Amino acid sequence: MRMSRMFGHTLREAPTEADTPSHALLLRGGYIDQLMSGVYTFMPLGHRVKRNIEQVIREEMDGAGAQEVTMPAIQPAELWDSTGRRAAMGDVLFQLTDRRDRELALGPTHEEVVTRLFSDHAVSYRDLPVTLYQIQTKFRDEARPRGGLIRVREFTMKDAYSFDADDAGLDGSYNAMFEAYRRIFARCGVPTVPVQADSGAIGGKGSQEFIFLTNIGEDTIILCDTCTYAANQEKAEFVRPAAIPGDPAPIEEVATPGVTSIEALAEFLGIEARQTAKAVFFMAKQNSTGVTYPVFAVVRGDMDVNEVKLANALSVGGRGGVELRPMVDSEIAAYGIVAGYASPVGLPSELQSDVRVVADLSLDAAPNLVAGANKPGFHLRNVNLGRDWTPAVTGDIASAQAGHGCARCAAEGRDGHLRAERGIEMGHVFRLDTTYTNKMNVAVQDANGGQLTPTMGCYGIGVGRILSAAVEAHFDDAGIQWPAEIAPYDVHLVGIGLDRDAEAAADAEALYAELTKVGLDVLFDDRDERPGVKFNDADLLGMPVRLTVSSRNTKAGVVETKARAAAEAESVARADVLARVQALRAEAIASCSVEAIERIARAGSGPA
RNA sequence: CGGGGUGUAGCUCAGCUUGGCAGAGCGCUUCGUUCGGGACGAAGAGGUCCGCGGUUCAAAUCCGCGCACCCCGACCA
């Protein structure tokens, strides 16, 4: 590609909407262009990167035995009703009607479509196992797009779906995808850590996320400093710091005027936060029935309520059953709760009937806590669970935090501690189990003439997120440093003063042809620009290798060769340039091995 | 959806307080000089000042109502 013909220009200054390095560099380099909130065009350079990422994904998916299909982005809304997910997805689902007033949806994901597809074509256990995948545009009406390509409303996703006869089969399909994912992220130069994750509204029996650790991330990830345990904070298990032991003492009221936070309470009474109980109120909605009810969540004062865990604790038949939101002030008032002095002890009578009180495990064996008195200006000392109040449910509803003990280490006799980091979800693999096949009544014939309900897995990767993360992981003050396999071009050929030196111009043209002939993608800067402009653009755009042809170099019979990440350029004899470029490329590809990338993955970005 | 911010040239922004010719730098076009890390000079092109309504002799500027975008939170298969 001749740069003089390339659509799009570099910018010296980044547009103000860019708030992360990757977003700023992609805009400055002319890789992407925003059309509206959360919707982007991939310009020629960005499109090439995207295509290269998709190519890596295709190779690994095909290598893992998955078969590519293209499913429709536009779908009948009733298909979403068949699993109850039209309601569950809520406003995130883009919905529209056609000219006959038929209700349609733009696909945010394809479990329903693929399950229906499978059902239409698979009839026997002999058709199992099968894994289908597609690389396709998804639509989600996100409440708040952000971070450039990180959270968008229209995006390209690779989604794969496996169908197996039994759990052992699912394990095999799941592991094949898991290993393919490791290779995909490594080849794209994006260091990721697999973490235990909550399955969210997609349902199923457990999932793992591949997380790129970065301080611009929107998820909080908990990692052990001793073992390999890593989990999304939504899911992370941990060892609760011990409570202060003691025999239950008589309950007593204490005046605490104006003391409405745990921090203030602990200071006012001269005690530790773990000697208090914290109450937080939510409204829960049972998705299946639409019934709402108040929830009173209680954790020890040194803990925070984890809404995802709380929702899971309240969901009887699996996840996705309950939706939580914090109570608004008017509801708190209506229920007679005194903000700042709320307590599970002596709840107002109008609450007693329908409220669900949920206690965290941290309250077990935590005697003589200070809790609210349910009247302004007073707390209660020596509150004891079981004696003074009884929860409807006791479970893990608190968030793991940095410094907490690692549960896995504790179980195996070690003393590991957790740390917290921010991260972005690059991919997510789920064991769906028979959630969808059951709801949609899908079965095939088994070997004994009976019916078999296939068990499913689903596996997603965000292509745009990989692109952004690759930049976020590889840039310097001057610009991007693309990982070799996804760079838009392999070589950036810079011609200096070619309009003034016919010999050098011929040399550059010959080199351009030579490199192209062996299959390298070359971006040839043939513009009539000053050297400084060209070098700066080359650094900004970030191709792995830069070659410089000029009068000086041509007279000396050399081509200046520089790896983008290298500090210095080297003069390579004209005859050796091709070999040198290929060696640099091989080296760059090798640096993106699974081992090399995963070694740096857990290092992350520092504490969250 | 709650809170905050911003909308003026392709990009970054000034002008708005106190109403009176639409501005700067970068980028772009042409010419000349220059030519290995974002050159210099000269001459140009480029505007729905986010939109609608109001006040006024006069509105980028004041008032009202919208819209868009960004940030924090809620939400996030």
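The criterion of at least 1 residues that are open to solvent by 30 Å² or more (accessible area, probe 1.4 Å) and farther than 29 Å from A:T137 by Cα is met, among strands (runs of 3 or more DSSP E) falling completely within segment A:380-474, by A:393-395, A:418-433. Looking only at residues in segment A:406-465 that are among the aromatic types (F, W, Y) and not assigned by TED's automatic domain parsing to the domain that holds A:D120, the one that is farthest from RNA strand B (Cβ to nearest atom) is A:Y436.
If you go through segment A:30-48 and keep only what is in contact (Cβ under 8 Å) with a residue 24 or more places away in the chain and near RNA strand B (Cβ under 9 Å from one of its atoms), you end up with A:S37, A:G38, A:V39.
Here segment A:68-89 is the region considered, the condition is being open to solvent by 30 Å² or more (accessible area, probe 1.4 Å) and part of a helix (DSSP H, G or I), and the residue that is farthest from RNA strand B (Cβ to nearest atom) is A:E78. Against the conditions (1) under 30 Å from A:I32 (Cα atoms); (2) touching a Phe, Trp or Tyr at 6+ places or on another chain (Cβ under 8 Å), A:A165 satisfies every one except (1).
Please specify each residue of segment A:355-373 satisfying the condition of being in a loop (DSSP other than H, G, I, E, B) and open to solvent by 30 Å² or more (accessible area, probe 1.4 Å).
A:D364, A:A365, A:N368
In segment A:98-118, how many residues are away from RNA strand B (no atom under 16 Å from the Cβ) and within 19 Å of A:I202 (Cβ to Cβ)? Matching residues across segment A:98-118 total 3.
Of all the listed residues (A:A583, A:A567, A:A575, A:A603), the sole one being farther than 26 Å from A:D225 by Cβ, within 34 Å of the chain's Cα centre (by Cα) and open to solvent by 30 Å² or more (accessible area, probe 1.4 Å) is A:A567. Looking across segment A:216-244, the residues that are more than 13 Å from RNA strand B (Cβ to nearest atom) and outside any loop (DSSP other than H, G, I, E, B) come down to A:I222, A:L223, A:C224, A:A230, A:A231, A:V239.
Can you work out which of the residues in segment A:4-29 that are away from RNA strand B (no atom under 11 Å from the Cβ) and over 18 Å from A:I424 (Cβ atoms) is surrounded by the most Cβ atoms within 10 Å (Cβ to Cβ)? My answer is A:M6. Among the residues of this structure, A:S343 does not count as one that is under 22 Å from A:T260 (Cα atoms) and assigned to a helix (DSSP H, G or I). Could you run through segment A:539-552 and say how many residues are open to solvent by less than 20 Å² (accessible area, probe 1.4 Å) and near RNA strand B (Cβ under 7 Å from one of its atoms)? The total comes to 3. Determine if segment A:196-215 includes at least one residue that is aromatic (F, W, Y) and either in a helix (DSSP H, G or I) or surrounded by fewer than 17 Cβ atoms within 10 Å (Cβ to Cβ) (or both). No, because not a single residue in segment A:196-215 is aromatic (F, W, Y) and either in a helix (DSSP H, G or I) or surrounded by fewer than 17 Cβ atoms within 10 Å (Cβ to Cβ) (or both).
The values are calculated or read from the model by the stated rules, or taken from the named source; none is laboratory data. Just so you know, these numbers come straight off a predicted model, no measurement behind them. Positions of Cβ are backbone-derived with ideal geometry, glycine not excepted, and every protein chain shown enters the neighbour counts. Surface accessibility is based on the protein's heavy atoms, side chains included, excluding ligands, DNA and RNA. Shrake-Rupley method; radii C 1.70, N 1.55, O 1.52, S 1.80 Å.
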